[in-house]
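Right, one structure below, let's go through it.
Just so it is clear, none of the values below were taken in a lab; they were calculated from the coordinates. In this text the structure is predicted, and so the values were computed from the model without any measurement. Glycine gets a Cβ as well: all are built from the backbone with ideal geometry, and neighbour counts include every protein chain shown.
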Amino acid sequence: MANRKYIVGNWKMNGLRAQLSDIAAIAAIAANHDDADVGICPPVTLITAAVQANPDFAIGAQDCHFAESGAHTGCLSAVMLKEAGASYSILGHSERRADQQEGDAEVKAKAEAVRAAGMGVIICVGETEEERDAGQAIEIVTVQLARSFPAGASADWLTIAYEPIWAIGTGRVPEVSDVAEMHAAIRVKLGELMGQGSDAVRILYGGSMNGSNAAELLAVPNVDGGLVGGASLTAAKFAPIIEAAAEA
């Protein structure tokens, strides 16, 4: 049986209180397409207001620190994010791995902290253009997954997002065959890491998914949804992706 599709919007460093109306509109669209799971990860400044205005809609965070508290200026712990209203968090996004030099061990520690706080986890993995051109993409991604993988993982709280780094925000999308090959490799690695139950872990595609290509990408085996950036910032752009997921 195919996994239920899961579409998550990652707003990155975008969104002020004026954009709460877009979250409300997206939540309403999601409620009308309940054959798929939908969520938004806004900047942390909007989490509480978004949850209060849309209590039945899944609002998540974009990152967290692995410690519960302490001398970590500017950081937020999983328990803080949960108290703010987040029910899950993206972790290990390629932009954080590159810009904040986050390594696999740190991502693993964060994932375990988020789970300990009773929240869901989306772990991101992906290769650079140079790694793909060198024929190393599958090796890079599966090793990254293994090293970032949290202890005691279960499909009821863990999701994996594959992001070909060179496709994020560029409009470039890999060939469907390349997406299928990578998602199949991730599925095999999940089986090695988890054993029973690994088939139920959802694997999202995250690299310039939009309303025009969502249906094609969501039809690829082992593509259980999407981690969507720019196309999630407005209800108008996000709606076709939600609709494609509900129909997939």
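Things worth noting here:
- Taking the fewest neighbouring Cβ atoms within 10 Å as the starting point, the ordered list for 102, 139, 175 is 175, 139, 102.
- Distance between the range 131-174 and the range 221-235 - C-alpha centres, whole angstrom: 15 Å
- Dipole magnitude for the range 6-234: computed about the Cα centre from +1 point charges on Lys and Arg Cβ and -1 point charges on Asp and Glu Cβ, it is near 540 debye.
- Per residue, the chain reaches -12000 deg cm²/dmol at 222 nm when only DSSP H runs of four or more residues are counted, each adding -39500 (n - 2.57).
- Cα-Cα separations in the range 34-148 greater than 19 Å, expressed as whole percent: 50 percent
- The calculated pair-distance distribution of the chain uses every alpha carbon pair, bins of 5 angstrom beginning at 0, and gives 1, 7, 15, 19, 21, 18, 12, 5, 1, 0 percent.
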